[in-house]
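The values are calculated or read from the model by the stated rules, or taken from the named source; none is laboratory data. Just so you know, these numbers come straight off a predicted model, no measurement behind them. When we count neighbours, we look across all protein chains shown, and the Cβ atoms used for this are built from the backbone with ideal geometry, even at glycine. Protein only, heavy atoms only, side chains kept; ligands, DNA and RNA dropped before computing areas. Shrake-Rupley method; radii C 1.70, N 1.55, O 1.52, S 1.80 Å.
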Amino acid sequence: MRIKNLKLKNFRNYENECVEFGDGLNVLFGRNAQGKTNCAEAVFYLCTGTSPRCRRDKQLIRHGADCAEITAVAEGTYGELEISAKIFENSREVRLNGNKITKNADILGNIFSVFFSPHELRLIQDGPDERRRFLNISISQLSKPYCVALMRYNKILEQRNNLLKNRDLEMVFDTLPVWDEELCKYAAVVACKRAEFANMLSPVASEIHSELTDGAEKLVISPEKKYKGDEKELAGRLYNELSANYERDIRLGFTASGPHRDDLDILIDGTDAKTFASQGQTRTAALSIKLAEVEIFKRASGEYPVLILDDVMSELDLPRRKKLVGRTQGLQTLLTCTHAERVLYGRTVTKIKVENGKFKG
């Protein structure tokens, strides 16, 4: 999978720009705050329908403009495609080969992408929300059934939480079993897919981590142990757990059980990385997980995703920089940095200078 070109109109600090990408390593370089990360963000948005940096689309619109427009032409195993997005303050319009996409699930899986920046340290350091977000974006690109189940689960969960706040307790107790049956059906799909993905990810991430640390540390990733079993078993266990805790959930006013509360265990040499890892260990573990994600995409889809590396070189020492660049061979990579010559290491690359929201070639 590769992106041939990208057009940006009123996106972040870009007024009206177009850039061509090469097949291999593309280095977007320039001083800070010129628009390198904004370009990388636009690519990831077209791949996933979401920004890696903000939760509200209106933040992507250039100051003073009514809407932002981004378009990419990509090429993969099944030929060429064009995907575009018009982003308004309270809505958006996405098109694939000129046809309007009305479902979020249909955005995913057209162009596979993996994004890594220093902010991805949140994957290790922050709460479970960040790890669930990582799983949701990654798995949804590979599995439309997961994406659909996740959306339906969240919708039913919201309705259940609203019901828990109702003061007509007799009605609440009568109605909860109906909601729970549907909730648990989708919860089981979500939990099983997450466990399957984590079990694929762990050995690959462990191997990459060993390479980056010269075998000095061992990384292990595992899903919540309570979600072992097939979908039918999981649905039954969660239904029983919810049924046994009606009074607790009513008292809290929200649903305290389910995959919306789960987490990943990330261990370095048997120790919880979320609590005890140093900054350097956290950085290497997060990078290992992201590079493993690349390999999982290749195995699942038959082609490599577009790898986006945003300002990661400044965070790594020289040996790790060389190892990282070595791992980008064979796939299209967009790498942002301040000085292009620091990351070339003898490889042929496409260099693109970014200056004040303009591509200089």
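One residue alone among Ile289, Ile221 is under 24 Å from Ser117 (Cα atoms), in contact (Cβ under 8 Å) with a residue 60 or more places away in the chain, touching a strand residue (DSSP E or B) at 6+ places or on another chain (Cβ under 6 Å) and of a type in the set (A, V, I, L, M, F, W, C), and that residue is Ile221. If you go through region 34-64 and keep only what is out of contact with any Phe, Trp or Tyr (no Cβ under 8 Å at 6 or more places or on another chain), more than 24 Å from Ala340 (Cα to Cα) and open to solvent by less than 30 Å² (accessible area, probe 1.4 Å), you end up with Tyr45, Leu46, Thr48, Gly49, Cys54. In region 327-350, the residues that are under 23 Å from Glu293 (Cβ atoms) and open to solvent by 40 Å² or more (accessible area, probe 1.4 Å) form Cβ pairs under 9 Å with partners that are in a loop (DSSP other than H, G, I, E, B) and at pLDDT below 75, at six or more places apart or across chains, as follows: Gln329/Arg347. Apart from one condition, Ala216 fits all of (1) among the small types (Gly, Ala, Ser); (2) open to solvent by 50 Å² or more (accessible area, probe 1.4 Å); (3) within 21 Å of Arg131 (Cα to Cα); the exception is (3).
What number of residues within region 159-178 are assigned to a helix (DSSP H, G or I) and either among the polar types (S, T, N, Q) or surrounded by 12 or more Cβ atoms within 10 Å (Cβ to Cβ) (or both)?
Taking region 159-178 and keeping what is assigned to a helix (DSSP H, G or I), we get 159-164, 169-178.
Restricting the remaining residues to those that are either among the polar types (S, T, N, Q) or surrounded by 12 or more Cβ atoms within 10 Å (Cβ to Cβ) (or both) gives 159-164, 172-173, 175-177.
Counting residues in region 159-178 that are assigned to a helix (DSSP H, G or I) and either among the polar types (S, T, N, Q) or surrounded by 12 or more Cβ atoms within 10 Å (Cβ to Cβ) (or both) gives 11.
Scanning region 277-297 for residues that are outside any helix (DSSP H, G or I) and of a type in the set (A, V, I, L, M) yields a single hit, Ala277. Of the residues making up region 305-313, none is part of a helix (DSSP H, G or I) and more than 22 Å from Gly22 (Cα to Cα). Scanning region 6-33 for residues that are open to solvent by 10 Å² or more (accessible area, probe 1.4 Å), farther than 20 Å from Leu81 by Cβ and modelled with pLDDT under 95 gives Gly24, Phe29, Arg31, Asn32, Ala33.
Among residues of region 108-121 that are part of a helix (DSSP H, G or I), those with a Cβ under 6 angstrom from a residue that is open to solvent by 30 Å² or more (accessible area, probe 1.4 Å), sequence gap 6+ or separate chain, pair up as Pro118/Glu315. Whether a residue is part of a strand (DSSP E or B), farther than 19 Å from Gly357 by Cβ and either touching a Ser or Thr at 6+ places or on another chain (Cβ under 7 Å) or open to solvent by 40 Å² or more (accessible area, probe 1.4 Å) (or both) was assessed, and Glu89 does not pass this test.
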